[in-house]
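Just below is one structure, and these are the notes that go with it.
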Amino acid sequence: MNIVDRLIEPLDSALRTLSGAAHASRPMPAETDAALLTPQDRRLSGALMRVDHVGEVCAQALYQAQALTATSESLRAQMRRAASDEEDHLAWTEQRLRELGDRTSLLNPLWYAGAFAIGLLAGRAGDRWSLGFIVETERQVEAHLAGHLEALPRSDARSRALVEQMKRDEARHGDEAQRAGASPLPAPIQHAMRLAARVMTRTAHHI
């Protein structure tokens, strides 16, 4: 693709992500939702789903930016495949938020812009570092989702099934990036990523 075509793809992704027009290629992991949640459990599930939805907004931005800066077509294809899985997650969490009577984060445009800028920096550092960034990001997201499985109400089987599938997908993305030749990130960068993720999750829980 020429540079114009390559710029159209992330622009289209940004519009779909921020407009709520993301489309899942796979069905929701749990098709039925028979449980009656208490108002307290519904609020908790909604807050956790909002945080997870923000994570998927950021994932779209990161993968699009890193695909844009990748130097090989095979790596761009790998990142587009991962972005497709992440779009499933985006659509699922948005649907679940509607079912819970809750909303997405009001700061989604800010989250997307920030993540896209970070993805460009990671991509410009070179493919091996970009892959290392993916590995570290996915490992942190996997741990974050494991925490949400602990926090979600036991009665909310639909949200729990969704998060479990997301966790499996994130682990696979990290493994694929590792096999593709990722370089491990320096400890200070890993720490900075954890700190930024903590700020994002705490803010998105409420806003």
(request) Give the residues of the stretch 73-109 that are at pLDDT 90 or above and over 26 Å from ARG158 (Cα atoms), sorted by residue number. (result) PRO109
(message) of a type in the set (D, E, K, R), over 15 Å from the mean Cα position of the chain (by Cα) and within 27 Å of GLU164 (Cβ to Cβ): which single residue out of ARG42, ARG81, ARG124 fits that description?
(response) ARG42
(message) I'd like the full set of residues that are polar (S, T, N, Q) and in contact with a Gly (Cβ under 6 Å, 6 or more places away or on another chain), limited to the stretch 102-154.
(response) SER130
(request) Scan the stretch 77-106 residue by residue and report those that are more than 25 Å from ASP41 (Cβ to Cβ) and of a type outside the set (D, E, K, R). (result) ALA77, GLN78, MET79, ALA82, ALA83, SER84
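The rows are residues; the columns are (1) surrounded by fewer than 16 Cβ atoms within 10 Å (Cβ to Cβ); (2) within 16 Å of the chain's Cα centre (by Cα); (3) acidic (Asp, Glu).
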| site | (1), (2), (3) |
| --- | --- |
| SER159 | no, yes, no |
| VAL163 | no, yes, no |
| GLU170 | no, yes, yes |
| ARG179 | yes, no, no |
(message) Here's a check for you: in the stretch 174-194, which residue that is at pLDDT below 90, among the aliphatic types (A, V, I, L, M) and in a helix (DSSP H, G or I) is nearest to ASP85 (Cα to Cα)?
(response) MET193
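Tally the residues that are part of a loop (DSSP other than H, G, I, E, B) and of a type in the set (D, E, K, R), restricting the search to the stretch 99-122.
Of the residues in that region, 2 qualify.
A quick yes/no check of all residues on (1) outside any helix (DSSP H, G or I); (2) crowded, with 20+ Cβ neighbours inside 10 Å; (3) at pLDDT below 90:
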{"site": "SER13", "(1), (2), (3)": "no, yes, yes"}
{"site": "ALA24", "(1), (2), (3)": "yes, no, yes"}
{"site": "ALA30", "(1), (2), (3)": "yes, no, yes"}
{"site": "LEU48", "(1), (2), (3)": "no, yes, no"}
{"site": "ALA67", "(1), (2), (3)": "no, yes, yes"}
(request) Run down VAL135, VAL141, VAL163 and say which single residue is more than 14 Å from GLY55 (Cβ to Cβ), β-branched (Val, Ile, Thr), assigned to a helix (DSSP H, G or I) and touching an Asp or Glu at 6+ places or on another chain (Cβ under 9 Å). (result) VAL135
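Which residue, of ARG98, ARG80, ARG128, ARG43, is charged (D, E, K, R) and either in contact with a helix residue (DSSP H, G or I) (Cβ under 8 Å, 6 or more places away or on another chain) or surrounded by 24 or more Cβ atoms within 10 Å (Cβ to Cβ) (or both)?
On the way: ARG98 fails: either in contact with a helix residue (DSSP H, G or I) (Cβ under 8 Å, 6 or more places away or on another chain) or surrounded by 24 or more Cβ atoms within 10 Å (Cβ to Cβ) (or both); ARG128 fails: either in contact with a helix residue (DSSP H, G or I) (Cβ under 8 Å, 6 or more places away or on another chain) or surrounded by 24 or more Cβ atoms within 10 Å (Cβ to Cβ) (or both); ARG43 fails: either in contact with a helix residue (DSSP H, G or I) (Cβ under 8 Å, 6 or more places away or on another chain) or surrounded by 24 or more Cβ atoms within 10 Å (Cβ to Cβ) (or both).
The unique qualifying residue is ARG80.
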(request) Please specify each residue of the stretch 147-195 satisfying the condition of being over 28 Å from GLN95 (Cα atoms) and touching a Phe, Trp or Tyr at 6+ places or on another chain (Cβ under 7 Å). (result) SER183, LEU185
(message) For the list (1) surrounded by fewer than 21 Cβ atoms within 10 Å (Cβ to Cβ); (2) more than 28 Å from THR38 (Cα to Cα), I need the number of the one condition that GLU138 fails.
(response) (1)
(request) Being touching a helix residue (DSSP H, G or I) at 6+ places or on another chain (Cβ under 7 Å), over 19 Å from ARG194 (Cβ atoms) and of a type outside the set (A, V, I, L, M, F, W, C) is the filter; apply it to the stretch 145-157 and report the residue that is surrounded by the fewest Cβ atoms within 10 Å (Cβ to Cβ). (result) SER155
(request) Look through the stretch 144-160, keep the residues that are assigned to a helix (DSSP H, G or I) and more than 19 Å from HIS205 (Cα to Cα), and return whichever of them is modelled with the highest pLDDT. (result) ARG158
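The values are calculated or read from the model by the stated rules, or taken from the named source; none is laboratory data. Note that this is a predicted model, so its numbers are computed, not measured. Glycine also receives a Cβ, built like all others from the backbone with ideal geometry; neighbour counts cover every protein chain displayed.
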